[in-house]
Every structure is written in C-alpha cells, then in structure tokens.
C-alpha cells in the first residue's frame, strides 16, 4: 500500500488514490458494522463528507471535484441497489439526487476556495524563491567584489612595499663604482621581477653596443644593434619604457626583447643606453612589469650620473669632514631629481630644515662640539638613502628624505630633538646659545611644479624646538 501511495505521489495522482482509498475504507466499515444500512443511506451527516471535505481542503478544486463526483456516484449506486423495484419516479426523486448533487456542489465550492488559497500561497512561494535567487546572486557578486577588493588592497600594499624596497635598493647604487652599477641594476631586475635574461646596451654614436648581460640559457645577443631598429630604438625615441604589446599593432614584432626602457642622463634629457628584458615568466609579464623596468632604468641613469659627478667632484661636495654634508648647489640639483622622480612615480618625498642660530658666531671649539653631537645623532637617526646638505645660510642644513611622508619626517625631527636634548650638556661647557635648534618640515604634494616650492614651505614651517635651560 505504501508503495502504491509513493507511486501515486510521484505521478501527482495522490488525490485520486486517497479518495478511492477513503471510500473503500468507509465501504468496508459499512459492510462489516452496518450491514443493515448499505451506503450509510440513513446516517446523517453522511460519512462521505469526511472524504469530500478533507480532499477538497487538501488538494483544492481538482481534489474537491473528484471527491464530490465520485462520492455522488458511489452513493447513487448504493441508493439504486437499496430500492427493490426501481422506477422512473424513483430515479427522478429528490431522495435519489439530493445528497449526490450536494456532494458535488460542496466539493467544488470548497475545493475552489481552497484552490484560491493554494494559488496565493504558490505565488508567495514563487516570489520568495525569486527573492532568494536574487539574494543569492547578489551575495555571489558581493563575495566576488569583496575578494577583488581584498586582492586589490593586497596588490596596492605589495606594490607600495615593492616600490619602496626597490627605491632603497637603487639608492644604494650611489656608493658603487660606475663599472659595478650595471651588473647591480640587472641583479635588482632579476630579484624583483624574476627576470631570466636581461641586458644593458649603451648608445655610442648611431649604434647600441652591448655592455652587460645576465643569461640563463644559450640565447644569442648581438653585440651591436643599429639605432632605428627594434624595440630599443622605440624606447629611446619615446624616452619611456615600452613592451612588445605597445608596438605589435604598428610594427613588426621585434625578436628577443620583451621590454626595453631608456637609461636617461643630464636630468633625463639624453638617452645614454637601454635596459632590456629578453626572458621572464609569462604571468609576470604585465603592465606593472613595464613600469618597474622603467623605474629601475631611471634609477640606473641617476646612479651612473651621480657616480660620475661624485668621482669628479668628490673633494668639492664634502663641506665638513664631521657630518659629510653636501653643498647647496648640489642640493638644488639633487632636490630637483628627487622631486621629478616623486612626481613621476607618485612617491613620498620630504624635506627637513635644521638651523643652529648660534653656530655662525660660535667659537671653533663650541662649533666642533655641536657638529660632533649633530653627527652622532644623524648617524643613528637617518637612513643611508637620506642626504644632508649645507644651506646657503650659515648654521643651516637641509635633509632630503626620499620615500618618506611629512608625518614620517616629523617623527625624524622628534627623534633628533630628543637625542639632541640628551647630548646638549656637551655645549654648555662653551656656549649655551649653541644649544638652540630650529627645525621645519615640508613634503611633496600633487600639483607642485617647482622643487623650490618645498624649500619655501619648509622655511615657513621652521620653529624653535629646543632652547638651553
């Protein structure tokens, strides 16, 4: 029986099965316990109402129609059997058709009323399912956007960290000899971009000549490439890093070179060579890789130029043996380079002005004590990439802090202040006026056009931060 019910339910025939089963059950009870009254003809209310009402309420119009109709047929059968000699008058009598018609009408009416409720319920369920599907789709989009945001945030943090680390690594090239700069640049490229093959060509006359290369295979590199051919000439002509993607639609695909970035000198006005990437992992070959290659090539040019200037004018650049401060003329030149680099690559750049008002009129002994204390503090508080310069005003110094925000620069000033306060007792033995220290901070902001705007800003920011007590 249970299998029959399950089969009927699968085929959406449950209402028919249950009506038949219910009427059969009532008939069995009738024949066993009420043999004198077949079909419950004399019982009121009639037991068939149980089947009709339950079916109509459970299944709606279809169930009510079938239950009412079938119950009427069964009742008519029992009614006809109960009359010994059935006549036409009996067939047309109300006793014959009253209850069957009532079974049919009640089954249909109640079934229709229930069907309206079922339809409303189904509509509500459809709306619920539609809203649930819409919610699930929105949730999926939200999860995707959340993951994308997290990935973008991670990339931004990673790129900022990479740029800062690259910058510090490139600034370390200032202390290398010219012959060591090019191999060091290629090592930086290999470390931060996972480059397999890279090279540097220097421009001599109308040809590019190979200077330095890193190879991990047996790939061939020409010693000389004429100017005007290939990706190197495009990079030199446009004075910016380019890749094969940038020229594939306008020129023949160059062989061997994936990325080429110009090495610029003389304040980035003249091309002295190119930095090439010949082989790297496919997944690493992105627009960010082109940008990083251009950044490294830019630092390479600055490093070579600075090393050349340092080698030629080493004796003139150092103004004081104690603190190793550079001249004011070199300060203006170096500030311009750092300013252009910060604006081009959107890097932080800060400038600190330090003044000792009493230093210009101090005795030699007092001046030496203050400078020794100043030198000890600087060596402990600033990085190797930070550069100290003597100002044109006596007793004043400029400190350039690459990749440092103004907030970070003020932290450096506070550290200098605290350290100088601890060592100020050294100056008391000679001249208490030497202990006064004044400082100001300025930073590069988007929209600045002239590096001297930073100098004006830092001079306006100068305040006295330490006095002798």
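The values are calculated or read from the model by the stated rules, or taken from the named source; none is laboratory data. Nothing here was measured: the structure is a model prediction, and the numbers come from that model. Cβ: placed from backbone, ideal geometry, glycine included. Neighbour counts: every protein chain shown.
In segment 17-46, which residue that is in a helix (DSSP H, G or I) and either on the phi > 0 side of the Ramachandran plot or at pLDDT below 80 (or both) is surrounded by the most Cβ atoms within 10 Å (Cβ to Cβ)? Break it down stepwise before answering.
Taking segment 17-46 first, the residues in a helix (DSSP H, G or I) are 17-33, 38-40.
Adding the requirement that they be either on the phi > 0 side of the Ramachandran plot or at pLDDT below 80 (or both) leaves 17, 39-40.
Numbers: 17: 16, 39: 23, 40: 18.
Checked segment 17-46; the qualifying residue surrounded by the most Cβ atoms within 10 Å (Cβ to Cβ) is 39.
Can you go through 219, 230, 256 and tell me which one is modelled with pLDDT under 85, farther than 25 Å from residue 338 by Cα and surrounded by 22 or more Cβ atoms within 10 Å (Cβ to Cβ)? Can you show your working first?
Numbers: 219 fails: surrounded by 22 or more Cβ atoms within 10 Å (Cβ to Cβ); 256 fails: surrounded by 22 or more Cβ atoms within 10 Å (Cβ to Cβ).
230 is the lone residue from the list that is modelled with pLDDT under 85, farther than 25 Å from residue 338 by Cα and surrounded by 22 or more Cβ atoms within 10 Å (Cβ to Cβ).
Can you pull out the residues in segment 193-211 that are crowded, with 18+ Cβ neighbours inside 10 Å and part of a strand (DSSP E or B)?
Matches in segment 193-211: 197, 198, 199, 200, 201, 203, 208.
I'd like to check something: does segment 292-307 contain any residue that is at pLDDT below 85, assigned to a loop (DSSP other than H, G, I, E, B) and more than 18 Å from residue 399 (Cα to Cα)?
Within segment 292-307, not a single residue is at pLDDT below 85, assigned to a loop (DSSP other than H, G, I, E, B) and more than 18 Å from residue 399 (Cα to Cα).
How many residues are surrounded by 15 or more Cβ atoms within 10 Å (Cβ to Cβ) and modelled with pLDDT under 55 if we restrict to segment 1-16? Full working, then the answer.
So in segment 1-16, the residues surrounded by 15 or more Cβ atoms within 10 Å (Cβ to Cβ) come out as 8, 14-16.
Next, from what is left, pick out any that are modelled with pLDDT under 55: 8.
Selection size over segment 1-16: 1.
Collect the residues in segment 396-415 that are within 19 Å of residue 375 (Cβ to Cβ) and touching a strand residue (DSSP E or B) at 6+ places or on another chain (Cβ under 6 Å), keeping them in residue-number order.
Matches in segment 396-415: 396, 397, 398, 399, 400, 401, 413.
Kindly evaluate residue 410 against the criterion of being more than 19 Å from residue 340 (Cα to Cα) and at pLDDT 85 or above. Show your work before the answer.
Details: more than 19 Å from residue 340 (Cα to Cα): yes; at pLDDT 85 or above: yes.
So residue 410 fits the description; yes.
Considering only segment 376-419, state which residues are in a loop (DSSP other than H, G, I, E, B) and under 22 Å from residue 346 (Cβ atoms). If you could, list the steps in order and put the result at the bottom.
Taking segment 376-419 and keeping what is in a loop (DSSP other than H, G, I, E, B), we get 382-386, 391-395, 403-405.
Selection gives 383, 385, 386, 403, 404, 405.
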